[in-house]
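Inspection log for the structure reproduced underneath, given as structure tokens.
Just so it is clear, none of the values below were taken in a lab; they were calculated from the coordinates. Quantities reported herein were computed from a predicted structural model and do not represent experimental measurements. Virtual Cβ from ideal backbone geometry, glycine too; neighbours counted across all protein chains shown.
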Amino acid sequence: MSENRPLLMRTNRLLGASLVEHNLVKIEHLEAANERLLEAVAANDRRKTSVLAIITGELKAAREEDILQHLLETESIGLIDLRNYEISDDLRKSVELADCWATWTIPFDHEENFYFVATAHYLSPAVRTHWEKKLDGHILWYGATVDGIADILEKIEAERVQLAGLAQAAG
């Protein structure tokens, strides 16, 4: 996590500012979430390295459903539950999981010149800028829950560990 700490902190800072700007959370809840974020980063507790996860889960200062509804209404992006979707093999193998954890985002499909990207942090301009620079093509954005993103990232990590173990045993 330390290699992507600046990205993680920037994306969370801008997400928090956007949540306050859109009147989705109060500034005092954001301040409390920022303190907890620093503790989660220091403890390397990846599932809590999101101000959104802290605000909606731990502090219960907002509902994630309301934030996703806001995305549907104001940003005109779709929603996806990646737990019910099979991510393309090339992206499963090639995506940099450290970037995904830092931005709470994952590209889940690729068709010609289009990438389909799910994120729990869409309201953070730093997230969108990072992936627009990283991916060579057009991006179709989808909102996802924090748990949905974390679950799929952990699943891919487990697959990679298993494949590495198989390769080591065969080699």
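Here are a few things to note about the model shown:
- Within segment 66-95, the residues that satisfy the criterion of being surrounded by 12 or more Cβ atoms within 10 Å (Cβ to Cβ), out of contact with any Asp or Glu (no Cβ under 9 Å at 6 or more places or on another chain) and in a loop (DSSP other than H, G, I, E, B) are ILE77, ILE80, ASP81, VAL95.
- Subset of segment 13-30 (residues that are part of a helix (DSSP H, G or I) and farther than 14 Å from GLU58 by Cβ): ARG13, LEU14, LEU15, GLY16, ALA17, SER18, LEU19, VAL20, GLU21, ILE27, GLU28
- Residues of segment 116-140 satisfying the condition of being crowded, with 22+ Cβ neighbours inside 10 Å and assigned to a strand (DSSP E or B): VAL117, ALA118, THR119
- Complete set of residues in segment 120-146 that are small (Gly, Ala, Ser) and either within 20 Å of HIS70 (Cβ to Cβ) or touching an Asp or Glu at 6+ places or on another chain (Cβ under 6 Å) (or both): ALA120, SER124, ALA126, GLY143, ALA144
- Considering segment 53-104, and only residues there that are touching a residue at least 40 places away in the same chain (Cβ under 8 Å) and among the β-branched types (Val, Ile, Thr), the residue that is farthest from THR11 (Cα to Cα) turns out to be ILE87.
- Hits in segment 147-171 - residues which are under 27 Å from ASP66 (Cα atoms) and surrounded by fewer than 20 Cβ atoms within 10 Å (Cβ to Cβ): ASP147, ASP151, GLU154, LYS155
- Members of segment 56-65 found to be surrounded by 12 or more Cβ atoms within 10 Å (Cβ to Cβ) and over 11 Å from ALA120 (Cα atoms), listed by number: THR56, GLY57, GLU58, LEU59, ALA61, ALA62, ARG63
- Selection within segment 120-146 - more than 19 Å from VAL20 (Cβ to Cβ) and touching a residue at least 24 places away in the same chain (Cβ under 8 Å): HIS130, TRP131, LYS134, LEU135, GLY137, HIS138, ILE139, LEU140, TRP141, TYR142, ALA144, THR145
- With respect to the stated conditions, VAL41 is among the β-branched types (Val, Ile, Thr), crowded, with 18+ Cβ neighbours inside 10 Å, more than 20 Å from GLY143 (Cα to Cα) and touching a residue at least 12 places away in the same chain (Cβ under 8 Å).
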